[in-house]
Amino acid sequence: MAPHEPGTLLDTGLLASAEPCWQSRDQRKQQKGGLAVLISRISGGASEDMTTPQILSFAVIFIMMAALVWGRYRYDLVAAAALLLALAIGIVPFDEAFSGFSDDIVIIVGSALLVSAGIARSGIMEVTIRRFAPNLSGVRSQLALLVIVVTILSAFVKNIGALAIMIPIAFQFARRSSVSPSIFLMPMAFGSLLGGLMTQVGTSPNVVVSRVREELTGAAFTMFDFTPVGAALAAAGTIFLVFFYWLLPVREKLGGSVNEAIDIKNYLTEARIVRDSTVLGKTVADLMKLSGGDAIVTSILRNRTMRMTPLPDVVLKMNDILLLEGDPGALDRLVSQGKLSVTGNRASGDDTTGELVAIEAVIGENSPLIGWTAQRLALYHRFNVNLLAVSRHGERPDRRLAEIQLRLGDVIVLQGNAATIPEILRELGCLPLAERAILLGSVRKGVVPVTILALAMLATAFGLLPVSVAFFTAAVGMVLFKVIPVRDVYQSLDGPILVMLAVLIPVSDSLRSTGATGVIAGELAKLGTILPATGALMLILVAAMAVTPFLNNAATVLVMAPIAAEFAGDLGYRPEAFLMAVAIGAGCDFLTPIGHQCNTLVMGPGGYRFSDYPRLGLPLSFLVVIVAVPMLMIVWPMS
């Protein structure tokens, strides 16, 4: 599982003595060194009987997979138990027990989660949807757009970067259609894997297998040698995902907290039309499109005294005050995308450099706010906080926000300095609710997070930085440029996912360190010699797909590619189709959440269980085999 740079993986020297593999059987028999020596090195000289450590390694993997599929215990606990078992029986050394916590894949997934959260918080995705897909409401059409875009992007940029860009859009579509994001996320992850098959730079296995072919034949695969077969697989896979997404059970995000149980939908707030407002000169109907139907304008105050009924065709003018009602997310979209002012351009607190937060609180029994309005109490001037919204059960206040007489039990949203607002809440006798993201009135940086992510992906595309360093830099940039407040950083990370990855890395590496992968390679080599070309090609493809969840995909290529070349030589065929089969199999892990970081990335946000992946991934894997084998034989003639 541990990712490595392609150049490092090929520095083993194993391929240095390999000879071209499209020679005749007689020529091949005359060469006793070559790839036969290479196969022997890969298998580590393993005897026909497996050793005890190899048997124990297979047993731990089998028990762990069974427990994950069972789903009785959470995946991070199962992974931790597997690591302890591997340590107890001696297949993982004590000094390697926690090596996974420093592995690149943990850094990549954690950084991608933070970058994706920054993109979502920026609001740029809502603007993108409104501009390019304003009327896209059907679940299947939304899924088709998401999968197609991710697939195409993944052919030219790192697939985890393409996926990180599109995850916030998936959540917006899910909110628009009132469905679970789980419908979209796994198909998108699978689409990103399929897209990576189309070009040499799309995925690490393609890069590695190109180098392997160069060592074997003297000529590497070029950028678009992968495109004919990869495009066919991507097209077939996309069609399957769009029409058979229903194979996935609908899931909600696991580990819900108290804040997710808070469901207050009738906040009242007011906002002013200012010079920079995008809806200045437009109608109320245009403004309502921004909310997705989850907020309404209850009244319009013009020239401070004239109250207007908010009919859809009323044109909004400078300094109009809008009384708005809806849930916090919808109100935030109206304010941020319409560029409305909710604070009257006032800074909260004397220290304008402090971090501003918005917090929900309930007015308590002894609160001095009871019976007073924010205006009469001079709330801003006395306490340095802004009243952003009020919610009252069973009643819709018809006054301006500052003129609402507050009552016991009212839920209010106050904006203030993060350092002082807890003390102010105690002074006001208000009980803060479980903290959740209230973005109403917060500053947005729409272009900054997209620029940060684009620079990270360009750096990896041109080989300037490793993927882990590029995405870690992007994650730090999101915090330094205040796209994500410091207090929200660790809320954006999915702890159970990162722990699962970190503890599974040494467990899965035990297959290599005990020589168990060499046993697999030796048995495949024996079986391949008695199969026809089509069967051998299919065997290599399926074997690579089976091995890649437990090795990193680049290491899978290094293990399987020499075996594939040996197959081709023994059958008197050219090696290209077999090498391509290895690359495709190594890049197509649709059966587990642990074989590729894209699968891992969507597990937490989608609320998926381990057993959900094969429900959609197994038939997709069969489709890949069915399409890939004949396409490989057509595009890469074996004679």
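List of remarks:
- Close pairs from region 229-251: first charged (D, E, K, R), partner open to solvent by 30 Å² or more (accessible area, probe 1.4 Å) and not in a helix (DSSP H, G or I), Cβ under 9 Å, at least 6 apart: Arg251/Arg609
- Members of region 157-179 found to be at pLDDT below 80 and touching a helix residue (DSSP H, G or I) at 6+ places or on another chain (Cβ under 7 Å), listed by number: Val157, Lys158, Asn159, Ile160, Gly161, Ala162, Ala164, Ile165, Pro168, Gln172
- Each residue in region 91-111 was checked for being crowded, with 20+ Cβ neighbours inside 10 Å and either of a type in the set (Gly, Ala, Ser) or without any contact (Cβ under 8 Å) to a residue 60 or more places away in the chain (or both), and 3 pass.
- Here Ile563 clears all of (1) more than 17 Å from the chain's Cα centre (by Cα); (2) open to solvent by less than 10 Å² (accessible area, probe 1.4 Å); (3) modelled with pLDDT of 80 or more except the condition numbered (3).
- Residue count for region 183-209, restricted to those that are under 15 Å from Val624 (Cα atoms) and open to solvent by 10 Å² or more (accessible area, probe 1.4 Å): 1
- Residues that are under 30 Å from Gly110 (Cβ atoms), in contact with a Ser or Thr (Cβ under 9 Å, 6 or more places away or on another chain), β-branched (Val, Ile, Thr) and in a helix (DSSP H, G or I) within region 498-544 comprise Ile505, Val507, Thr517, listed in sequence order.
- Some residue of region 219-239 being under 13 Å from the mean Cα position of the chain (by Cα), open to solvent by less than 40 Å² (accessible area, probe 1.4 Å) and aliphatic (A, V, I, L, M): no
- Inside region 149-195, residues that are in a helix (DSSP H, G or I) and more than 16 Å from the chain's Cα centre (by Cα) make up a count of 4.
- Complete set of residues in region 470-496 that are among the hydrophobic types (A, V, I, L, M, F, W, C), in a helix (DSSP H, G or I) and either open to solvent by less than 80 Å² (accessible area, probe 1.4 Å) or closer than 18 Å to Ala358 by Cα (or both): Ala470, Phe471, Ala474, Ala475, Val476, Met478, Val479, Val486, Val489
- Failed item in (1) touching a Pro at 6+ places or on another chain (Cβ under 7 Å); (2) not in a loop (DSSP other than H, G, I, E, B), with Ile594 passing the rest: (2)
- Total residues in region 449-464 satisfying the condition of being surrounded by 17 or more Cβ atoms within 10 Å (Cβ to Cβ) and of a type in the set (A, V, I, L, M): the figure is 6.
Residues are listed down the side, and each one gets a yes or a no for (1) modelled with pLDDT of 80 or more; (2) under 26 Å from Pro614 (Cβ atoms):
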residue	(1), (2)
Thr548	yes, yes
Ala554	no, yes
Val557	no, yes
Asp570	no, no
Arg574	yes, no
Ala586	yes, yes
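- Restricting region 283-338 to residues that are of a type in the set (Val, Ile, Thr) and without any contact (Cβ under 8 Å) to a residue 24 or more places away in the chain, the residue that is surrounded by the fewest Cβ atoms within 10 Å (Cβ to Cβ): Thr305
The values are calculated or read from the model by the stated rules, or taken from the named source; none is laboratory data. It should be emphasised that the depicted structure is a prediction, and the values quoted were computed from it without experimental measurement. Neighbour counts run over all protein chains shown; Cβ positions are idealised from the backbone, glycine included. Ligands, DNA and RNA are excluded from the accessible area calculation, which covers all protein heavy atoms including side chains. Shrake-Rupley method; radii C 1.70, N 1.55, O 1.52, S 1.80 Å.
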